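Each remark here refers to the structure printed beneath this line.
The values are calculated or read from the model by the stated rules, or taken from the named source; none is laboratory data. Values in this document were obtained by computation on a predicted structure and should not be read as measured data. Because the Cβ atoms are built from the backbone with ideal geometry, glycine has one as well, and the counts that use them run over all protein chains shown. Ligands, DNA and RNA are excluded from the accessible area calculation, which covers all protein heavy atoms including side chains. Shrake-Rupley method; radii C 1.70, N 1.55, O 1.52, S 1.80 Å.
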Amino acid sequence: MNRVYIKTYGCQMNERDSEAVAAMLRARGYVIVDTERTADVVLLNTCSVRDQAEQKAIGKALNLAARKRKAPDFVVGVMGCMAQNRGTDLLDRLPDLDLLVGTQKFHQVPDHLDHIMATLRGQGPRPSTIVDLEAEAGSQNTIRDHLDHGHDNGAGARQVTAFISIMQGCNMACTFCIVPKTRGEERSRPIDDIVAEAEQLAARGVRDVTLLGQIVTSYGRREFPFVDGRSPFVQLLERVHAIPGIARIRFTSPHPRGFKDDLVQAFRDLPKLCPNVHLPLQSGSDRILRLMNRPYTRDRYLEIIESLRRAVPEMYFSTDIIVGFPGETEEDFEQTRDIFERVGFDMAYIFKYSVRSGTPAAEMAGAVSTEIKERRNQVLLDLLHIQSLMRNLQLVGRTVEVLVEGPDKVGRRLSGRTAGNRLVHFAGDVRLVGELIDVKIERASAASLVGEVV
Ligand code: 5AD
């Protein structure tokens, strides 16, 4: 009666929240399983950023509700962004939910489940849906527990990469975006807590950490002072950089507005900071950027890219783009296509604009048809394929440093990543997991590289 399956929708922050919930539940004696079939409890950790993500989770929840009608002891909960966004309105369609938990209450899940489980054992009446959606001061400090993967998969394949949540919330006001509503105000964790967490992960064998937040460049802006012209975020990078076991540091997502000289300088000065920056662009048209309330121009964006390339010539860039924002004309899209090609993004998440009720853009005129969105989406995907392939082909014949992560999906080879975050497959012994090794690249596709250990 204590097997829990957590299904996660959406971004890395959601992945990290789910992992923290799983770790807290395991510490309470629950067993985390990796299929919904064998679970007594299914928790959906949801995403609201586009309608499609919400519809998927609702479909899944309806499905689970049907299973629950046949097996009344089965427990179903909805957590995270959609719970926060839709609140108790969700119960109109999902009256049988046991649990509805918002983005600042993940740490309460063990208590709530304990309570439900006790009632299933006959200790008291079973509650109707437990609803926990309030804001909570200090909740950013509660996403800190990690699953011990080494302990999970036994096979000596230790965990090599980890996410660390450094802040929660977003104070930007992009007109398309629901995240300020679902994640609340920006709140940062203390540097010392984050460093302690990174040290613990390093002690467990983690070599590559990704610092996470909705707007990481806003880290500590209100809480902590600048020191010698360096922002709290850059100070944090320096502290994590000083941890001996950590070999690679990444972060996501920054905001172009937060990309100042101190951060560019950090890429020059901190060798563990990986040459791979995810910098959401959203649109290449100044007119659309203004309508989106994104406080930069295409020229400023290109300037940031240039300064980073000057600091680290082999820098890899990825981005987020929205096509079909209200009023986006062919000329606007052409500006996006142009900058997409100029920067030569190596990776990108390209989204078709999705109306989010309650956001300013939802009230804007000039809806773009699905067909046009599809077409613009495809144009960028085709470009991305070519750019990604060209960049990977440049590595053929060269020897690159790879951090070995584990057996690849097929299980016959190992896989790992370059500092620039390119996926590499190669033959090798599992004892290499966690090591930085040299691999000579022999073949390339847009998605990955194949090589031989040197
Ligand atoms: N429609 C489509 N994409 C969106 N994003 C955020 N809101 C929307 C929306 N309403 C995208 C942005 C953001 C990423 C996480 O999701 O590109 O950077």
At R0 = 41 Å the Cβ-Cβ FRET efficiency linking D261 and R375, nearest 0.05, sits at 0.55
Residue-normalised 222 nm signal for the chain, counting each DSSP H run of n ≥ 4 as -39,500 (n - 2.57), nearest 500 deg cm²/dmol, is -10500 deg cm²/dmol
Taking only the alpha carbons of region 252-371, the radius of gyration and the largest Cα-Cα distance, Dmax, both in angstrom, are 15.3, 47
Share of accessible surface on carbon and sulfur in the chain, whole %, 1.4 Å probe and ligands ignored, is 51 percent
Row for region 1-44, column shape: gyration tensor on C-alpha, a ≥ b ≥ c, rounded if a/c < 1.5 i.e. under 1.5, prolate if a/b over b/c, else oblate; value oblate
Sequence order, region 222-236: Karplus ³J(HN,Hα) from phi using 6.51 cos²θ - 1.76 cosθ + 1.60, θ = phi - 60°, Hz rounded, Gly and Pro as x, gives 8, 7, 10, x, 5, 10, 6, x, 9, 5, x, 5, 5, 4, 5
Given unit charges at Cβ for Lys, Arg (+) and Asp, Glu (-), the dipole magnitude of the chain about its Cα centre in debye, nearest 20, is 620 debye
Sorted largest first, the C-alpha extents of region 346-413 along its principal axes in whole angstrom are 52, 24, 21
For the chain, averaging the sequence separation of alpha carbon pairs under 8 Å that lie six or more residues apart and dividing by its residue count, the contact order in percent is 10 percent
In nanometres, the difference between 0.36 nm per residue of separation and the alpha-carbon distance of D34 and E238 is 69.8 nm
To the nearest 20 debye, region 184-317 has a Cα-centred charge dipole, built from +1 on Lys and Arg Cβ and -1 on Asp and Glu Cβ, of 380 debye
In the neighbourhood of R248 defined by beta carbon distances under 9 Å, the net charge of the other residues (Lys, Arg +1; Asp, Glu -1) is +3
Protection proxy (average C-beta count within 10 Å per residue), highest first, orders 27-33, 16-22 as 16-22, 27-33
Burial-style ranking of 360-366, 283-289, 223-229, 109-115, average other-beta-carbon count within 10 Å with highest first, yields 283-289, 109-115, 360-366, 223-229
Within the under-10-Å Cβ sphere about L100, not counting L100, Lys/Arg +1 and Asp/Glu -1 give a net charge of 0
A correct Kirkwood calculation over the Cα atoms of region 21-74 returns a hydrodynamic radius in Å of 12.7 Å
Reported to the nearest 10 Å², K60 has, with a 1.4 Å probe, an accessible area equal to 50 Å²
If N is the residue count of the chain, its Cα Rg over 2.2 N^0.38 Å rounds to 1.00
Taking only the alpha-carbon atoms of region 93-145, the convex hull volume per residue, in cubic angstrom, is 91 Å³
Using a 1.4 Å probe on heavy atoms of the protein chains only, the accessible area for E330 in Å², nearest 10, reads 80 Å²
Listed by chain and number, the lysines with an alpha carbon less than 18 angstrom from that of K373, same-chain partners under 8 positions apart left out, are K352
Listed by chain and number, the lysines with an alpha carbon less than 19 angstrom from that of K105, same-chain partners under 8 positions apart left out, are K7, K181
For region 1-136, shape from the Cα gyration tensor axes a ≥ b ≥ c, cut at a/c of 1.5 then a/b versus b/c, turns out rounded
Expected field for M1, accessible surface area in Å² at 1.4 Å probe radius, rounded to 10, holds 110 Å²
Neighbours of N14 by Cβ distance under 15 Å: Lys/Arg at +1, Asp/Glu at -1, summed charge +3
Answer in debye to the nearest 20: the dipole magnitude of region 48-134 about its Cα centre, from +1 Lys/Arg and -1 Asp/Glu charges placed on Cβ, is 420 debye
Expressed in angstrom, Rg and Dmax over the Cα atoms of region 56-107 are 10.8, 32
Rounded to whole angstroms and listed largest first, the alpha-carbon spread of region 383-441 along its three principal axes comes to 37, 22, 17
Treating every alpha carbon of region 170-288 as one equal point scatterer without solvent, the Debye formula yields log10 I(q)/I(0) values at q = 0.12, 0.15, 0.19 Å⁻¹ of -0.46, -0.71, -1.09
In order over region 206-219: 3J(HN,Hα) from phi, Karplus 6.51/-1.76/1.60, θ = phi - 60°, whole Hz, x for each Gly or Pro, gives 5, 10, 10, 10, 10, 7, 10, x, 5, 9, 5, 5, 8, 3
